[in-house]
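Below: one structure, written as structure tokens.
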Amino acid sequence: MRMQGKRLPVALLLGLCCGAAQAEFSLNGFGTLGVAEVHGDERRYGLSGEYVDELRTEPVSRAGLQGRYQFNDSFSATGQLLVRGERSRYDTDVEWAYLSYQATDSLELRAGRLRLPAFLLSESLDVGYTYPWIRPPAEVYSQMPISRYIGGDLLYNTAAGDYDMTFQLMLGQTDSDVFMGGAETEMQARDMWGASVTLQYDYGRVRLGHVAANIDVDTNFQAIAEMPPGSFVVGNARDDFGLVLEGLDGSFTSLGYSYERENWVSYGEVAVRKVDGLDFPDTRSAFLTLGYRVDNWLPHLTWGWSEVTDDAQVNGVSIKEGEQTSWTLGVRYDVQPGLAVKAEYQVIDADGPNGYSSLFETAGFPRNVDAEIVSFAVDFVF
Amino acid sequence: MNTMLKIPLLLALMFSPLSQAELVVIAHPSAGVDRLDQGAVKQLFLGKMRKLAGQKVKLLDQVSGSADREQFYTQVTGKSSAQLKSYWSRLIFTGKGKPPEVVGGGAAVKSRVATSAGAVGYVDATQVDDSVKVLFRLP
């Protein structure tokens with residue numbers, strides 16, 4: 001009895017003190033180090049033209065460091081620094097920097113620099129260790145060059161048994177330096193909003209998301225000026241090597257899932273991109289991955305596809321129905337928790353009126369392009 | 001006759017679940033619940049349930065690679081260590097969660113659970129005494 005009498009005040013004291021004493025800092029990191037090369041009809045591939053015809057580290061390598069400071073039960077601050085390979089160089093950026101307020105058990109509010117919730121894998125896009133491939137399938141994942149925004153979001157989580165449902169609503173804007181068709185592009189997005197719903201179960205999750213914005217695009221094709229004249233100039237050519245578009249309404253919608261049960265692993269996503277006018281192509285894209293785990297080995301096969309759906313013009317030529325299809329055979333080997341090794345072989349086939357509808361930098365059109373990519377990488381987290 | 005009997009006995013010993021410890025989930029005696037089912041334990045240790053009877057839970061883990069840890073997660077979540085690492089990495093790097101704190105072996109987990117309100121961990125059943133409350137016995 002005496003013990004109990006003492007314990008209660010002590011517990012109370014602990015409860016009070018620890019509200020203040022609970023502040024804690026955690027530091028985590030991740031990275032993918034690897035090499036890749038492309039061989040075939042064209043010599044450059046990728047959103048920034050990062051894949052070339054010799055083994056380079058830029059296409060697949062990146063590393064991040066994330067710090068989180070928990071002030072108390074409700075408030076925390078998170079920042080993430082990311083180094084990422086792109087066309088012939090590495091770029092360092094603050095990818096996340098936000099304050100979070102856990103208003104109730106199920107409601108979280110965040111503000112600052114956040115990841116744009118465009119895709120199924122948006123928020124862990126660069127953490128290779130969390131998925132089977134070296135990079136998420138490009139046909140879908142290159143459709144939205146913006147990866148982050150400044151603004152805020154609201155996350156509402158509700159659970160029923162093993163099911164877990166999350167609603168997300170975001171508002172913000174962005175001024176991003178991105179790559180489009182191999183060219184450095186300044187992209188501004190205003191009045192940006194997005195919403196998503198994710199249903200999570202023990203074996204995986206399904207996510208439906210939509211983002212919309214009013215965008216300005218200023219592209220500088222100087223970076224690829226070594227290419228034959230007139231080969232890659234879209235829209236209203238500026239200084240022979242540029243493109244300026246203003247006030248375009250655009251939207252991006254994606255439906256995706258991930259599944260993992262016993263030995264089977266599967267991912268899939270379909271996405272639709274719509275942008276006003278004919279200077280910026282509307283697209284449809286999809287991928288499907290199937291893998292089967294055998295001990296620490298996960299061999300997997302991926303089909304990826306993207307297609308231009310409107311009458312978008314490149315140098316006055318419609319690229320409607322221009323498409324890219326690829327098959328990727330890959331394997332992931334889990335060396336130990338926190339460390340995985342991956343290898344992939346990809347065959348890409350781009351068809352249609354113009355190479356602009358694929359991720360190749362093509363020097364002429366009409367043109368069909370066949371190529372293959374070989375990649376190796378090591379993924380780690382700590 | 002004796003040796004004939006001994007061989008099956010020896011085999012039985014070799015293949016009996018001797019290596020399988022009997023694991024229990026333990027909490028601080030002040031915990032507002034007395035029993036958890038396996039589903040709740042799984043949700044707790046996958047970070048999906050963060051409170052017990054209104055009290056914030058502080059999860060404690062045994063060191064990576066320990067036999068108890070492997071057995072616990074395999075039995076409760078059905079996930080391998082690599083799968084769990086991947087699961088938690090996704091939550092960490094999307095800002096959605098934090099894995100249980102690693103405090104050492106079973107003895108370290110037990111003493112921390114015994115001294116901090118809200119703490120929950122798992123240990124070998126033989127390490128349990130009056131200083132902690134058993135919430136669940138692994139089958």
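Before moving on, here are some points about what is shown:
- Of all DSSP beta bridges in the range B:20-137, antiparallel share, percent nearest 5: 70 percent
- Cα gyration tensor category, rounded, prolate or oblate, for the range B:20-137 with a/c compared to 1.5: oblate
- Loop-located chymotrypsin sites (Phe, Trp or Tyr not before Pro) across the range A:89-139 with a Cβ neighbour count of 13 or fewer within 10 Å are lacking, with loop assigned by DSSP.
- At R0 = 41 Å, FRET efficiency that the Cβ-Cβ distance of A:Ala103 and A:Leu65 yields, to 0.05: 0.90
- Separation of the B:Ser64 and B:Ser116 label points, Cα + 7 Å toward Cβ, nm: 2.0 nm
- Paramagnetic reach from A:Val347 in the range A:42-62 [backbone N under 18 Å; point 7 Å along Cα→Cβ]: A:42
- Gain in span if fully extended, A:Trp297 to A:Val83, counting 0.36 nm per residue against the direct Cα distance: 74.2 nm
- Computed extension length for A:Val94-A:Ala111: 4.7 nm, one decimal, from 0.36 nm per residue of separation with the Cα-Cα distance subtracted.
- Between A and B, buried accessible area from a 1.4 angstrom probe totals roughly 2500 Å², ignoring ligands, DNA and RNA.
- Exposure rank, largest accessible area first [A:Val52, A:Val244; 1.4 Å]: A:Val244, A:Val52
- Flagged links, alpha-carbon separation over 19 Å, of A:Lys342/B:Lys42; B:Lys42/B:Lys79; B:Lys42/B:Lys98; A:Lys274/A:Lys320: A:Lys342/B:Lys42
- Between B:Leu36, B:Leu91, B:Leu23, the residue with the greatest mean-square fluctuation in the GNM of chain B (Cα pairs under 10 Å linked by springs) is B:Leu91.
- DSSP-assigned coil residues among GluC sites (Glu not before Pro) in the range A:305-346, each with at most 15 further Cβ atoms within 10 Å: A:Glu321
- Gyration tensor (alpha-carbon) shape descriptor, the range A:99-381, a/c threshold 1.5: oblate
- The contact residues of the range A:112-136, meaning those that lose at least 10 Å² of 1.4 Å-probe accessible area when all protein chains sit together rather than their chain alone, are A:Glu123, A:Ser124, A:Val127, A:Tyr129, A:Thr130.
The values are calculated or read from the model by the stated rules, or taken from the named source; none is laboratory data. Keep in mind it's a predicted model, so treat the numbers as computed, not measured. All Cβ positions, even for glycine, are placed from backbone atoms using ideal geometry, and neighbour counts span all protein chains on display. Just the protein is used for accessible areas: all its heavy atoms, side chains included, with ligands, DNA and RNA removed. Shrake-Rupley method; radii C 1.70, N 1.55, O 1.52, S 1.80 Å.
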